[in-house]
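Input: a single structure, listed below in structure tokens.
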Protein chains: 2
Amino acid sequence: MFNLPSEVLVSKKNILEHLARLIIEGRLRTDEIMPTEMSLSSHFGVSRTMVRDILKTLESKGFIERKTNVGTRIRSIHSWNLLDQEVLDWSCGALTQSRFLLSLLELRLIIEPQAAALAAVRANDVDLQQIRAHYQRMSDSVKKEPDPRAILDTEADIDFHKAIMKASGNLFVSQFGGAIRAALHHTIYLSNKATLDVFKSLECHHKVLEAIENRNSEAAYLSMAKVLNNTITDLGLQTTGLIMLEGNSVNKIGSFPETLP
Amino acid sequence: MFNLPSEVLVSKKNILEHLARLIIEGRLRTDEIMPTEMSLSSHFGVSRTMVRDILKTLESKGFIERKTNVGTRIRSIHSWNLLDQEVLDWSCGALTQSRFLLSLLELRLIIEPQAAALAAVRANDVDLQQIRAHYQRMSDSVKKEPDPRAILDTEADIDFHKAIMKASGNLFVSQFGGAIRAALHHTIYLSNKATLDVFKSLECHHKVLEAIENRNSEAAYLSMAKVLNNTITDLGLQTTGLIMLEGNSVNKIGSFPETLP
DNA sequence: AAAGTTAATTTGTCATACAAATTGACCGGA
DNA sequence: TCCGGTCAATTTGTATGACAAATTAACTTT
């Protein structure tokens, strides 16, 4: 159970990731007690100091809880720091279930259109410049490969969205950069790329850019929502229950009660 | 600078909080290098082990970055884990500037109406039961003190909102419990309580409850937005730039371009 | 059987030593 | 003068062994 895969060398990073995966994949179940620091130490062949260091990291991610003479108890998923960059990375590798990606896309659908709307009102010249620059990078990457299976520069895409969140002027909204990155990587991983219409995507991104530059917050909101909805439909997924604007009228997306575990 | 206030005893928790406050208050500026672990150890009169433990925590909050032979460098606010419970608590004490609270309320306005809408569609019986129970606690606390300066049970209020976020069925939305708690505590701290109309507030909360129980996601969205807007106006604040539904029509709240530092 | 006491276990803290990595100074040569 | 490389110093990272503190579980006593 606690054995590292034989091909990886024993290092702090590897042990940390290994334990994190055991928890995320559910092979260590909630409320279960992990082995003592001493036994982990001898098992992995590292010092207790290092084991404690690793456990402290896991604790800061919300994975475990430690008590004197009780040991380290696994905490439930509701306590995990899901927005932490590393947690997201590990989760994407482990939780291939679509519930995870759907939750992530839902979150983007809640945050990003509003971030775009705020950016349209608040972005300063530097912000605008950066957003445009990142768009340009996306655009360039497509034009370089003029065949229909062209691929968008993922990093440019991520930076574009992050720049908009930064331009929103809201300290908390800017915290979701990691979520964007994870969602995009996961999206690319799941899609067989051929199904993604990069030209349509690029055009939608351009509309977002224009709207923000024109200080049109409503258009910014709408076009950002379109960008995200495109991604969702391209993946063959569907969101339900969110209240979104669409065109000039209120639109209640979907109507199927869905109960989740 | 690094001296603890003389009245507090030297303990892990106190040193941690002290350093965190120094950073949050800006007395340790971005990119500045902190003293070495050794000197901190002798300064505070604790072992280097404990200093490292504390620094590791600060690192996990995004406050500092450590490099061999360089030392520990203070990171900018954009790297801080603002949604972390402790970071929020410390920040509320330190950053009394209204920008912080306004960002927090804006975040709630983005997340919570959507969470309520999702809850209306997805909540199961247990969820509904809990939401109602928390509302009941709020209601009881008001009725106990039937004078006009009655005070709402803050913890019940927090639990009510958290229960709704949990009922949204979205893993990430449930992560904002800490933000709610901080916002409410900060709100109560800033308001002189007399200005808060608890009866109106209670009534609005009841409408949220009803809407969710009736599976009416649009009404849930609208009434939750009202709850939050009441809070904002009660504090004499104003949000600008968000795209919200209001009644049956799209409403672009505010229109003043606001550039933030 | 209940309550209090003791012993054992496990995490928390300490002290010391050495390893690894990075910087910066020093030195040599073209 | 400038470039390059070597070497030493500094600082964080890891290892080890010991003891403190806290909590559980067993045990004893009434």
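Just so it is clear, none of the values below were taken in a lab; they were calculated from the coordinates. Quantities reported herein were computed from a predicted structural model and do not represent experimental measurements. Glycine also receives a Cβ, built like all others from the backbone with ideal geometry; neighbour counts cover every protein chain displayed.
Cβ crowding within 10 Å ranks A:V173, A:V8, B:V208 as A:V8, A:V173, B:V208, fewest other Cβ atoms first. In this calculation the C-beta distance from A:R132 to B:E86 is compared with R0 = 41 Å, giving a FRET efficiency of 0.60. Could you calculate the FRET efficiency of B:I33 with A:F199 from 1/(1 + (r/R0)^6), where r is the beta carbon distance between them and R0 is 41 Å, rounded to 0.05? Between B:I33 and A:F199 the formula returns 0.25. Remark: mean inter-chain Cβ contacts per residue of A:216-222 equal 3, using a 10 Å Cβ-Cβ cutoff to other protein chain atoms. Across the range A:23-36, coupling constants 3J(HN,Hα) worked out from phi with the 6.51/-1.76/1.60 Karplus curve, θ = phi - 60°, read 6, 5, 6, x, 6, 10, 7, 3, 6, 5, 9, 6, x, 5 Hz, and Gly and Pro carry x. Charge dipole (Cα centre; +1 on Lys/Arg Cβ, -1 on Asp/Glu Cβ; no other charges) of the protein assembly as shown amounts to roughly 960 debye.
Taking 1.306 mPa s as the viscosity and 10 °C as the temperature, the Stokes-Einstein diffusion coefficient of the protein assembly as shown based on its alpha-carbon Kirkwood radius rounds to 64 µm²/s.
The tail of the calculated P(r) for the range B:104-225 beyond 22 Å holds 29 percent of all Cα-Cα pairs. Here, chain B has an Rg and a Dmax of 21.4, 65 Å when only alpha carbons are counted. The ranking of B:I54, A:I33 by Cβ neighbour count inside 10 Å, starting from the fewest, reads A:I33, B:I54. Percent of C-alpha pairs per 10 Å bin in the range A:1-77, short distances first: 19, 59, 21, 1.
Counts of other chain beta carbons within 10 angstrom of each beta carbon in peptide A:174-186 average 1. Arranged from fewest to most other beta-carbon atoms within 10 Å of their beta carbon, A:D140, B:D157 become A:D140, B:D157. Take each residue in A:104-116, count the other chain C-beta atoms within 10 Å of its C-beta, and the mean is 4. Any idea what angle helix B:48-60 forms with the longest principal axis of chain B, computed on alpha-carbon atoms, 0 to 90 degrees, nearest 10? Computed tilt is about 40 degrees. Taken as Cα centroids, the range A:102-181 and the range B:97-137 sit 27 Å apart, rounded to the nearest whole angstrom. Here the spin labels are modelled as points 7 Å beyond Cα on the Cα-Cβ line, and at B:E155 and B:K13 they lie 1.6 nm apart.
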